[in-house]
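The values are calculated or read from the model by the stated rules, or taken from the named source; none is laboratory data. Predicted model only: the values in this text are computed from it and were never measured. Quick reminder, even Gly has a Cβ in these numbers, built from the backbone with ideal geometry, and neighbours come from all protein chains shown. Surface areas here come from the heavy atoms of the whole protein model, side chains and all, with no ligands, DNA or RNA. Shrake-Rupley method; radii C 1.70, N 1.55, O 1.52, S 1.80 Å.
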Amino acid sequence: MIKSSARRLAFQLTTEHKEPLDLTNHLPFQIAVVSNLLALNRDWKIRNLSDLDPREMRVLLNIGSYMPIKSADIAYQSRLDSYTVSRAVKKLLSLDLIESQPDQYKKNVKNLVLNERGLTIYKHVTAAMDERSKQLESVLTEEEKASFYQMLAKIEDKAEQLLAEQAKELIAQGEDAPADQKELIRWRKKSKS
């Protein structure tokens, strides 16, 4: 397994108690570390393209990539909870970057689309993101990249399954499940169909 040798040397496992968790060999923790490094607001070039916070940026990116799209579908696609998406949508509407349009099939459903201002930001941000992606992917062969995406899909599916099963178990025990836990169950059902 490839590890950052500098971090490994700098952070020795504790001897203060038995069986400390080796975070350098803990998959969810390492994915979170990389995720923190890849956060849009960490990249100065991307951060300087707009005043949007990371939540608003992720929602704007989803709208620009999949419009017209419903808030619930943004939550599912990005694995953000619906409350987070709702707050971001309100902010993007107040900044006049997106518009809400009635769905042509379901009258009580609203679809989100970028307007011209939102599309301009989207194009600038996605160009910077694409440049960064190419730089990151340069350390992988095409075969490694394909394999990596397959592995990520497996991990995402398994994580979703575990969390949905956990939520179902707690609900079966009579727990009053918060909305985000109910959402996990809905996402799992949607992924299976």
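Points worth noting:
- Summed over all non-identical Cα pairs, the Kirkwood treatment of the stretch 1-145 gives a radius of 17.9 Å.
- Solvent-accessible area per residue for the chain (1.4 angstrom probe, square angstrom): 72
- Residues Lys145, Lys91, sorted by accessible area with the largest first, give Lys91, Lys145 [1.4 Å probe; ligands and nucleic acids excluded].
- Cα gyration tensor, the stretch 60-185 - rounded (a/c under 1.5), prolate or oblate: oblate
- Accessible surface of the stretch 52-156, 1.4 Å probe, proportion on carbon and sulfur as whole %: 54
- Computed FRET value (nearest 0.05) for Asp157 with Asn48, which takes r as the C-beta separation and R₀ as 41 Å: 0.70
- Three-way shape label, the stretch 102-152, alpha-carbon gyration tensor, a/c 1.5: oblate
- Placing +1 on each Lys and Arg Cβ and -1 on each Asp and Glu Cβ, with no other charges, gives the stretch 1-112 a dipole about its Cα centre of roughly 80 debye.
- Cα long-axis angle, helix 179-192 against the chain (0 to 90 degrees, to the nearest 10): 90
- Estimated at 0.36 nm per residue, the fully extended path between Ser147 and Glu131 surpasses their Cα-Cα distance by 3.6 nm.
- With Cα atoms, 0 to 90° folded angle of helix 54-66 axis to the chain main axis: 60
- Label-point gap, in nm, between Glu169 and Ala39 - each point 7 angstrom along Cα→Cβ: 3.0
- Springs between Cα atoms under 10 Å define the GNM used for the chain, and in it the highest mean-square fluctuation of Leu119, Leu136, Leu21 occurs at Leu21.
- Sorted peptide list for 24-34, 52-62, criterion being average Cβ within 10 angstrom, highest first: 52-62, 24-34
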